[in-house]
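Since the structure comes first, as structure tokens, the remarks are kept for the end.
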Amino acid sequence: SYEYSELKNLMFDSFMINDSNQFRLLEVDNRLILPNKINLRFLINSMDVIHSFAIPSLGIKVDAIPGRINQINSLIYRSGLY
């Protein structure tokens with residue numbers, strides 16, 4: 001689940017698409033849209049087991065650990081599909 005808390009509590013779920021015509025496990029049904037040239041803060045957590053959140057082309061990878069909130073900051077300088 002994703003939440004844009006600064007944008008009137010906009011929330012949505014995103015799931016991987018299992019389609020042989022797409023890149024394996026890289027395409028999702030609802031893409032995460034991020035603004036550029038604005039400082040972004042990601043709060044990552046988990047309710048059950050350890051998960052991982054990553055945007056490899058931006059150099060972002062963080063683990064979601066139950067009972068803990070991990071925070072990372074990022075600044076995207078160029079528009080694109082990541």
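Computed from the coordinates by the stated procedures, all read-outs in this text should not be read as laboratory data. Bear in mind that the values here come from a model prediction, so they are computed numbers and not experimental data. Neighbour counts are summed over all protein chains in view; Cβ atoms, including those assigned to glycine, are modelled from backbone coordinates with ideal geometry.
Quick notes on this one:
- With R₀ fixed at 25 Å, the C-beta to C-beta distance from residue 48 to residue 17 puts the FRET efficiency at about 0.65.
- Counted residue by residue at 0.36 nm each, then reduced by the alpha carbon distance between them, the extension gain from residue 36 to residue 74 reaches 12.7 nm.
- Orientation-averaged projected area, Cα convex hull of the chain (nm²): 6.1 nm²
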